[in-house]
Amino acid sequence: MAKNKWIAFAKKIDGISDWTGRLFAWLVIPLTVLIVFEVITRRFFGAPTIWTFELSNFYSGPTSCWWRPTGFCTSPMSASIFS
């Protein structure tokens, strides 16, 4: 009986992790737009901005912390590793 409670608890935690990973995966889109903006302003206008490098670091932090574990847990390879 106690084992079933732990499995149910682990599935709830796994669902929360999956949800937050999918949410933070969307941060890749503004990160890409930000990097493209920086390249355009630096190359074509000769005016690099100070804030884009720091903002891209702020965006890439949550992306790497939350998105990568979700991809690992939902990949077909993880099913073969843990079964």
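A short reminder: the numbers here are calculations on the coordinates, not readings from a lab. Owing to the predicted nature of the structure, the values given are computational and were not obtained by experimental measurement. Note that each Cβ is placed from the backbone with ideal geometry, even for glycine, and that neighbours are counted across all protein chains shown.
Scanning segment 12-38 for residues that are surrounded by 12 or more Cβ atoms within 10 Å (Cβ to Cβ) and of a type in the set (A, V, I, L, M) returns 23, 25, 27, 28, 31, 34, 35.
Here is the figure for segment 1-32: residues that are within 26 Å of residue 60 (Cα to Cα), free of Cβ contacts under 8 Å to residues at least 24 places away in the same chain and in a helix (DSSP H, G or I) total 6.
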